[in-house]
Amino acid sequence: MASPKLQTSPTRLFVGDTTYGLALVLVLLLVFMNKKSRRTGTFPPGPPAWPLLGHLPLLGRRPHVKFSEWSREYGPVLGVKFGPQQVVVLNGYAAVREALVTKAEVFSSRPDLYLMRLFSNGKGIGLAPYCAKWKAQRKVTDRALRNLGVGKLSFEPKIMEEVEDFVSAAEGYDGAAFNPKYHIAVGVLNIICHLVFGRRFQHDDPLFVKLYNALEDISRHGGSAQHLNIFPALRHVPGLNAGAMHTMRAVREGRDFVREMIGQHRATYDPENIRDYIDAYLHQLQKEREDGEKSVTYLSDEELEQNVFDLFIAGSESTATTLQWATLLLMVNPEVQEKVQQELDDVLGDRQTSVLDRASLPYTQATIQEILRFRPSATFGLPHATTADTTLQGYDVPAGTQVLVNVWGMGMDPALWRRPGTFDPTRFLDTEGKLSVPEYFKPFLVGRRACIGSQLAKMQLLLYITTILQRFSLRVPEGATPPSLDGNLGVILQCPSFRMCAVPR
Ligand code: HEM
């Protein structure tokens, strides 16, 4: 059979052109879609997620441990989903540095989460988005803390007053078992009262009790309302909004207290005698209002109220919990405790410690670093958010992505830390016994949102721990079993409740 003759009729040509045209459009579309899917395809990797809930059902009770495990399989920059929200979790210092330092301009904001709005409504230092208004709050606060001598010798007596109060309380138990939590918490709270209000309170003062209870409630109920950050609509479901309601009430009570104290300060304000943080802020506010050249000030009464509240929220529980962990870890590691005591006896004798002694107490300093590494109270710091499309370690991270830093994971990476699960202060000493803190250890994080109170926190840890160990040996009560050292992750990594004997030395 003769082969059919190729015909090139006009119709065929048209059909052929259409086919080629369609094919071309298809190819272009595929190229475009491939580009688009590569965009989402280069979002940081993570394990397969559940429909609707994302990775939430896989996190368990210790998400910090789970993220560390996943990062060993998928790399230090994890992409996960909390319900519908895409979240990036950073597990290694290189990624943390690139995000929070090198690309600080893009990674320094905070996500717009339901509970964060309840707390601060975009105001203050800790939870506000990264913008000119936040920068002004951070600047005035940084400067005030410096001028008030935080981290320096002049602030020491205020801390020591509370340390001595703890010592008296512990002496009162006369070596019998007690839970140190309350005695630590009231002291730490009073130190922030010194800083912001210029005074301390008796523990049974109704005002102080109100503040203490408000902060306790925020911690307890705020931790149990986290699901509302992911599914805010659940706040309308009766029963599921109980945590948020309690948190709101506690926030209101805490705010009332702060407002009252600010009112008292206004009434007694003297520009020649700046007593504390509130005075320092009022001073700067007045200066900026009077400054004829500037038409705008980002400082205001509402911002001051939120800043004060933020200092309490961010500074009290984190420090008190670290001190609780410190007493627990020293109690269950008697050999570490004895070495610290030996160093204190050799260097200080009966003399009280001072921040100036830091350099002569390398083992003690190493022990404090190890406490911060082993059980970092601020396990995930505070959440960050990106303000523009960007990249991190080669992955795409879209604008508005929530970014968490696994501070716990940074201290537990087996590639960087030998036997990370062992409590061993000597890892922070060099071969000559001098303190040596690696660059990748950052319990207060880095960059523009790094902890504003790190100097105060370090000072408190030093003065509390050294004074307690100079006066007492901490012992597990006879017949008692020490608690698990896992901790309970709420807003922070809470130390389990435990009792100890403070035996006078
Ligand atoms: C052992 C005690 C403490 C630890 C472990 C700790 C740790 C941290 C961490 C990891 C962050 C998050 C940084 C980030 O978002 O990148 C942070 C933020 C913050 N901390 Fe601390 N902190 C402690 C004590 C304090 C104290 C004593 C104060 C104040 C009196 C304080 C005030 C703040 C504030 C206001 C922020 C938010 C800073 C901002 O958003 O610009 N912290 N802290």
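A few remarks follow.
- Taking the Kirkwood radius as Rh and the Cα radius of gyration as Rg, segment 211-323 has a ratio of Rg/Rh equal to 1.09.
- In this structure, R255 and A104 have a Cβ-Cβ separation that, at R0 = 41 Å, corresponds to a calculated FRET efficiency of about 0.85.
- In terms of distances greater than 27 angstrom between alpha carbons, the cross-link table entries K123/K158; K135/K434; K135/K210; K210/K442; K158/K210; K135/K181 yield K123/K158; K135/K434; K135/K210; K210/K442; K135/K181.
- Taking 0.36 nm per residue of separation and subtracting the Cα-Cα distance, full extension of the segment from Y298 to N179 would add 38.4 nm.
- Given charges at beta-carbon only (K, R positive; D, E negative), |dipole| of segment 194-333 in Debye: 520 debye
- Sorted fewest first by neighbouring Cβ atoms within 10 angstrom, E370, E73 come out as E73, E370.
- Segment 129-218: C-alpha pair distances exceeding 17 Å, %: 60 percent
- If the segment from R72 to A267 were pulled out straight at 0.36 nm per residue, it would be longer than the present Cα-Cα gap by 64.4 nm.
- 3J(HN,Hα) along segment 359-372: 5, 8, 10, x, 5, 5, 4, 5, 5, 5, 4, 5, 4, 5 Hz, from the Karplus curve 6.51 cos²θ - 1.76 cosθ + 1.60 with θ = phi - 60°, whole Hz, x for Gly and Pro.
- Whole-angstrom gap from segment 75-113 to segment 328-348, using each part's C-alpha centre: 38 Å
- Estimated translational diffusion coefficient (Stokes-Einstein, Kirkwood radius over Cα pairs, 4 °C, 1.567 mPa s) of segment 40-126: 89 µm² per second.
- Positive dipole terminus of the chain, leading residue within N273, P496, V446 (C-beta point charges): V446
- Residue order, fewest to most surrounding Cβ atoms within 10 angstrom, among D345, D291, D396: D291, D345, D396
- Each of Y440, Y464, Y212 was scored by other Cβ atoms within 10 Å of its Cβ. Listed from fewest to most, they are Y440, Y212, Y464.
- Simple point charges give the picture: +1 on the Cβ of Lys and Arg, -1 on the Cβ of Asp and Glu, and for segment 357-481 a dipole about the Cα centre of about 320 debye.
- 3J(HN,Hα) from dihedral phi, segment 337-346, Karplus parametrisation 6.51/-1.76/1.60, rounded to Hz, x for glycine, proline: 4, 5, 5, 5, 4, 4, 5, 5, 4, 5
- Long-range HN-HN contacts of A385 with modeled amide H, under 5 Å: S109, R110, V403
- Between S473 and V503, R505, the built amide H atoms are under 5 Å apart, and every one of these is 5 or more places off in sequence or on another chain.
- log₁₀ of I(q)/I(0) at q = 0.09, 0.10, 0.14 Å⁻¹ - segment 315-449, Debye sum with one point per alpha carbon: -0.35, -0.42, -0.75
- Proximity of backbone amide H atoms, modeled 1.01 Å from N, is registered between L113 and no other residue at under 5 Å, excluding neighbours fewer than 5 places apart on the same chain.
- Shape call, segment 230-386: gyration tensor on alpha carbons, a/c limit 1.5: oblate
- Computed from Cα positions, the angle between helix 242-268 and the longest principal axis of the chain comes to roughly 50 degrees.
- The Cα-based radius of gyration and maximum Cα-Cα distance (Dmax) for segment 236-283 are 16.8, 54 Å.
- Compactness of the chain, expressed as Rg and Dmax over alpha-carbon positions, Å: 27.6, 115
- Rounded to the nearest Hz, the phi-derived 3J(HN,Hα) couplings of segment 284-291 under the Karplus curve 6.51 cos²θ - 1.76 cosθ + 1.60 (θ = phi - 60°) are 5, 4, 4, 4, 5, 5, 7, 5, where x marks glycine and proline.
- At full extension, E432 and S497 could sit 19.6 nm farther apart than now, given 0.36 nm per residue minus the alpha carbon distance.
- Farthest toward positive dipole pole in the chain [+1 Lys/Arg, -1 Asp/Glu at C-beta], among G263, Q306, S71: S71
- Rounded, prolate or oblate (a/c below 1.5 giving rounded, otherwise prolate when a/b exceeds b/c) for segment 56-185 by Cα gyration tensor: oblate
- In plain terms, the bigger the Kirkwood radius, the slower the diffusion; for segment 186-264, with that radius from Cα pairs, at 20 °C and 1.002 mPa s, Stokes-Einstein puts D at 156 µm²/s.
- With Cα atoms, 0 to 90° folded angle of helix 10-41 axis to the chain main axis: 10 degrees
- Pair-distance distribution of segment 398-482: all C-alpha pairs, bin width 5 Å, starting at 0; shares per bin in whole percent are 2, 9, 12, 17, 19, 18, 11, 6, 2, 1, 1, 0.
- For segment 424-469, Kirkwood radius (reciprocal of mean inverse C-alpha pair distance, Å): 12.6 Å
- Cα-based helix-to-principal-axis angle, 301-332 vs the chain, degrees rounded to 10: 70 degrees
- Semi-axis lengths, largest first, of the ellipsoid equivalent to segment 103-144 are 18, 14, 7 Å, with √(5λ) applied to each eigenvalue of the Cα gyration tensor.
No lab work stands behind these numbers, since they all come straight from the coordinates. Just so it is clear, the model here is predicted, and its values are computed rather than measured. Virtual Cβ from ideal backbone geometry, glycine too; neighbours counted across all protein chains shown.
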